[in-house]
1. Defining the label point at 7 Å along Cα→Cβ, can you sort the distances from A:Met172 to the same site in each other copy, shortest first, in nm?
2. Nearest 5 percent is fine: what portion of the DSSP beta bridges confined to chain B is antiparallel?
3. Report the normalised scattering of the range A:121-161 as log10 I(q)/I(0) at q = 0.21, 0.22, 0.23 Å⁻¹, calculated by the Debye formula with identical scatterers on the alpha carbons.
4. Based on the Kirkwood radius over alpha-carbon pairs, what is the Stokes-Einstein translational diffusion coefficient of the range A:7-77 at 4 °C with 1.567 mPa s viscosity, in µm²/s?
5. Quick one: A:Thr219, B:Thr155, A:Thr167, fewest Cβ neighbours within 10 Å first, how do they rank?
6. Give me a comma-separated list of calculated 3J(HN,Hα) values for the range B:110-116, in order, Karplus coefficients 6.51, -1.76, 1.60 applied at θ = phi - 60°, integers in Hz, x for any Gly or Pro.
7. State, to one decimal in nm and shortest first, how far the label point of B:Gly103 sits from each corresponding label point in the other identical copies (label point: 7 angstrom along Cα-to-Cβ).
8. Name the shape class, rounded, prolate or oblate, that the alpha-carbon gyration tensor gives for the range B:87-198, where a ≥ b ≥ c are the square roots of its eigenvalues, rounded holds for a/c under 1.5, and otherwise prolate holds if a/b is larger than b/c and oblate otherwise.
2 protein chains.
Amino acid sequence: MASDEIKKVSLAVIRRLPKYHKFLGELLQKNVERVSSHEMGRILGFTASQIRQDLNNFGEFGQQGYGYNVEQLYNELAKILGLNTEHKMVIVGAGKLGQALAGYGDFERHGFKILALFDVNPDLIGKSIRGIPVHDINDIIYFINENEVDIAVITVPRENAQEVADTLSKTMIKGIWNFAPIEVKAGPGVIVENVLLLDSLLTLSYRMNESRVKERIATQKNS
Amino acid sequence: MASDEIKKVSLAVIRRLPKYHKFLGELLQKNVERVSSHEMGRILGFTASQIRQDLNNFGEFGQQGYGYNVEQLYNELAKILGLNTEHKMVIVGAGKLGQALAGYGDFERHGFKILALFDVNPDLIGKSIRGIPVHDINDIIYFINENEVDIAVITVPRENAQEVADTLSKTMIKGIWNFAPIEVKAGPGVIVENVLLLDSLLTLSYRMNESRVKERIATQKNS
DNA sequence: TAGATTGTTAATCGATTAACAATC
DNA sequence: TAGATTGTTAATCGATTAACAATC
């Protein structure tokens, strides 16, 4: 029946959810009990209307005349974001970037536990980085399935990234967080989030250059 | 007059430009001379219409019946993205992440030259990482102005990120690329691009969890 | 020339904002 | 109760897609 149909939540909404969650976490820390959509919008730079629309994709979490209970909404958002269960991660590539991510406490704090790093380099295999062991890449399929790892982070060079994604697709992995500078493809049922750092830098560069671009267009259009 | 008015280019368009640029670079490598919007769209997963609309924000680069000249369009996009002049960068924070970014050849290849890293740690100051010297953070204002650095990368811990941004705002820096897990604010005229890694991970987590969320909503709506 | 493909206008689609009855 | 603020419908705005005359 029609009431069962869940409309697809747009990516724009999804990308705002972590910001709501973070803000509510901060309020919780300050022992704030309730918050209105207006107040949230004022501080986060969204309209109250948008926040209410976003939240109502997932349920009715507020109360007329009162607003939202901070703790309750925080927990609901955590559930929506999949933070109510612990995630097990491995990092593929124990270079500088892999090591940087391994030492990044924020992930653990949100329930993403890094079990191991993997590398091809014999000098690294067997070592440990901030208490996290570096294993041989050849053992990764066994390790993931044995330990019910659900997220793999790819921090290998571009050349090997797709190959790693292919290997991962043979396991029970559920998500791939890719830092290599290509958009890797994975098997069906595996969600991929590509972090394209160069794209981000080029976006910055564009915006720094924007006024010059506009001048150029204006000049062309006049001539 | 009205023809002078340049309509604001939306962020959605801007974020697609690096993908066009990259694709054209690959075609150029393969000595492909011309490409149609249809062909580009087919491979990149956009509609031909969208690509033509996007490009026409910046000028008329194509030719009826022919399409686009790969080399010309590649160069035009480079100009639009601010890649026609070399950018000088410094990295603030010479920890693992700073070191990882310092060793990332893709940036240099696109004209982003990393001149130095900066840190507070006396063990790191004076050393060099892949040929790039690590300087004392106290010298950063002088260094940036003296060397006409236009982009600063922030890879310091959360606690110090805003402070660094404030210091940078006192210099002639034009852009800040921030990897600390807060949205830093900078002085007027300074463009900030925040790379919020946790947000990216939570987006992945949401999508991995999506089917479960929908079930939950459906159940609620039935009861 | 005929075929292809652009630049651009019009139509559609989706996301954001505004408005307001419902209700705590 | 009166005031506040939700959930939700309607209006607006913006972005994407379709269509097609212009033209290489």
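1. Values, ascending and in nm: 6.0.
2. The antiparallel proportion sits near 20 percent.
3. The calculated log intensity ratios at q = 0.21, 0.22, 0.23 Å⁻¹ are -0.85, -0.93, -1.01.
4. The diffusion coefficient I find is 107 µm²/s.
5. A:Thr219, A:Thr167, B:Thr155
6. 9, x, 9, 9, 8, 7, 6
7. Copy-to-copy label distances for B:Gly103: 1.3 nm.
8. Rounded, since a/c falls under 1.5.
Any read-out appearing in this document is the output of simple, stated calculations on the displayed coordinates, not a laboratory observation. Here the structure is a predicted model, which is why all the values come from computation and not from measurement. When we count neighbours, we look across all protein chains shown, and the Cβ atoms used for this are built from the backbone with ideal geometry, even at glycine.
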